[in-house]
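Questions regarding the structure given below will be posed in turn.
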Amino acid sequence: MTTEPGKEPQMIPIWFFIGIIILVYGLAIAITGLVTWSHPPAAVAMTRLHADFWWGLLMIAIGLFYVLRFRPGRKS
């Protein structure tokens, strides 16, 4: 709960925390994708598509959406 002087306490939406988790996981996956970009693992099918990097970027975008949409103190 967040409180400001002269206002009622406000609950922090669970979607804000879910957005943070998705954002952190997306960052970890995208960084891993960047590290393995130049040194792909051997014997992995379709490694040239770099799915881990692109999936990480998608998760970052989704996480940022949730964090910004449901951030505490945002006026409804």
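What follows is calculated from the coordinates using simple rules that are stated; it is not laboratory data. In this text, all values refer to a predicted model and were calculated from it rather than measured experimentally. Positions of Cβ are generated from backbone atoms using ideal geometry, with glycine treated the same way; all protein chains shown enter the neighbour counts.
Under 17 Å from the 7 Å Cα→Cβ point of ARG74, by amide nitrogen: which residues of segment 12-56?
Within reach of a label on ARG74, which here means backbone N under 17 Å from a point 7 Å along Cα→Cβ, segment 12-56 contributes 12-24.
Sticking with this one: If you build the Cα gyration tensor of the chain and take the root of 5 times each eigenvalue, what three semi-axes come out, in whole angstrom, biggest first?
Listed largest to smallest, the semi-axes of the chain are 38, 9, 8 Å.
Could you tell me the calculated FRET efficiency between VAL44 and LEU64, based on Cβ-Cβ distance and R0 = 30 angstrom, to the nearest 0.05?
The calculated FRET efficiency here is 0.55.
Sticking with this structure for a sec: Have a look at ILE22, TRP37, PHE65 and report the one farthest towards the positive end of the charge dipole of the chain, computed about the Cα centre with Cβ charges (Lys/Arg +1, Asp/Glu -1).
Value: PHE65.
Still on this structure, please answer the following. Mind putting a number on the dipole of the chain about its Cα centre? Charges go on the C-beta only, +1 for Lys and Arg and -1 for Asp and Glu, and I need it in Debye to the nearest 20.
Taking the Cα centre of the chain as origin, the dipole is about 200 debye.
Say we join alpha carbon atoms closer than 10 Å with springs in a Gaussian network model of the chain; which of VAL44, VAL24, VAL35 then has the biggest fluctuation?
VAL44
Hey, another quick one. Per-residue counts of other Cβ atoms within 10 Å, averaged by peptide: what ranking do you get for 6-17, 53-64, highest first?
In descending order of packing, they fall as 53-64, 6-17.
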